[in-house]
Amino acid sequence: MAYNSSLIKGMALLDCYHGDTDEYGIGDFSQLTGQPESTIQRLVNTLEFIGVIFQNPNNKKYRLSLRILRSLTSARYAPQWLDNAKKELIRLQKETHETVNLGIRMGGELEYIAKVDTDQLLRPNFILGKRYPLYCTGLGRCLLSYLPREDIRELLPETFTVGTDRAQPDFEHLYNTILQTRRQGYYLDDEEFSLGLYCVAAPVFAYPGKVAAAVSVSVPKARITPDIVQHILQCTLAATKRISHSYAQILCS
């Protein structure tokens with residue numbers, strides 16, 4: 001029977017996260033697994049690329065991402081972070097009176113992991129756990145906004161299937177909107193994902209420049225005015241700032 005040796009080596013790195021230590025460096029992994037540091041570097045590059053781990057820029061060590069932690073009941077800070085985030089989602093929904101979503105990157109896809117619905121009859125119907133391509137949503141652009149161009153190109157398919165004629169099925173156009181998202185700190189999706197739907201999205205950071213998740217407020221286009229967009233944007237940016245701060249505090253605890 002044939003086995004994939006790279007997968008086995010990668011799983012050996014993930015097996016290191018079983019005790020009280022949350023972060024490991026290249027040397028730590030090498031010592032724990034017996035693999036050379038050159039091999040470890042290639043493995044962590046791959047695991048970070050697919051969103052399984054991320055690097056702490058302060059000490060260059062690696063942590064498990066929310067993609068992994070949210071499914072591990074033994075993880076110390078994932079449940080606490082998600083509880084804090086949900087409180088902020090509820091607050092944001094009360095401030096905007098619209099549907100609020102929280103999403104994370106799963107490789108080349110976006111997955112909704114939490115939401116708070118509006119009580120208005122006309123509302124979007126996002127399904128928790130469902131995945132969408134990163135390129136077609138405001139949340140996806142936020143999740144991609146701090147990745148290098150070559151990583152973004154590698155994560156996305158060669159051809160895009162767009163949801164509406166307001167979206168551009170072209171990588172260069174998409175990449176420019178991702179750069180715009182990075183510069184301004186948010187993205188406004190005006191019926192690109194779905195006709196009749198407007199979305200205000202902003203990233204959540206684990207560390208400066210390290211996007212852990214993203215938050216969006218989804219509104220039927222019929223209820224949108226310039227003043228409402230500005231109000232929702234201000235509330236969303238304030239919420240993501242608080243969630244990012246909460247995450248940073250937990251990581252440092």
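Please treat every number below as a calculation from the coordinates, not as lab data. As the structure is a prediction and not an experimental result, all values here were calculated from the model. Glycine also receives a Cβ, built like all others from the backbone with ideal geometry; neighbour counts cover every protein chain displayed.
Rounded to the nearest 10 degrees, the angle from helix 171-184 to the longest Cα principal axis of the chain is 90 degrees. Site pair R223 and N59 shows an inter-label distance of 4.5 nm when each label is modelled 7 Å from Cα along Cα→Cβ. For region 78-252, the relative contact order works out to 24 percent when only alpha carbon pairs closer than 8 Å and six or more residues apart are counted. Taking a straight Cα-Cα cut-off under 17 Å and skipping sequence neighbours fewer than 8 places away in the same chain, the aspartates and glutamates within cross-link reach of K130 are E109, E111, D117. Using only alpha-carbon positions in the chain, the gyration tensor eigenvalues give semi-axes of 33, 21, 15 Å once each is multiplied by 5 and square-rooted (largest first). Each of S5, S30 has some number of other Cβ atoms within 10 Å of its Cβ, and from fewest to most they run S5, S30.
Under 15 Å from a label point set 7 Å out along the Cα-to-Cβ vector of N4, the amide N atoms of region 34-62 belong to 43-44, 46-52.
For helix 5-14, report the angle its Cα long axis makes with the longest principal axis of the Cα atoms of the chain; keep it between 0 and 90° and round to the nearest 10°. For helix 5-14, the angle is close to 80 degrees. In this structure, the pairs whose alpha-carbon distance is over 19 Å, taken from K87/K241; K9/K210; K94/K115, are K9/K210. With a simple spin-label model that places each label point 7 Å from the Cα along the Cα-to-Cβ direction, the separation between Q249 and T46 comes to 3.9 nm. Can you give the angle from 0 to 90° between the axis of helix 78-96 and the longest principal axis of the chain, with both taken from C-alpha atoms, to the nearest 10? The two axes meet at around 10 degrees. The alpha-carbon of K221 sits under 15 angstrom from the alpha-carbons of these aspartates and glutamates, leaving out residues fewer than 8 places away in its chain: E98, D189, D190, E191, E192. Taking every DSSP helix (H) stretch of at least 4 residues in the chain, weighting each as -39,500 (n - 2.57) and dividing the sum by the residue count yields a mean residue ellipticity at 222 nm of -13500 deg cm²/dmol. With a Förster radius of 35 Å applied to the beta-carbon distance between Q120 and D151, the computed FRET efficiency rounds to 0.35.
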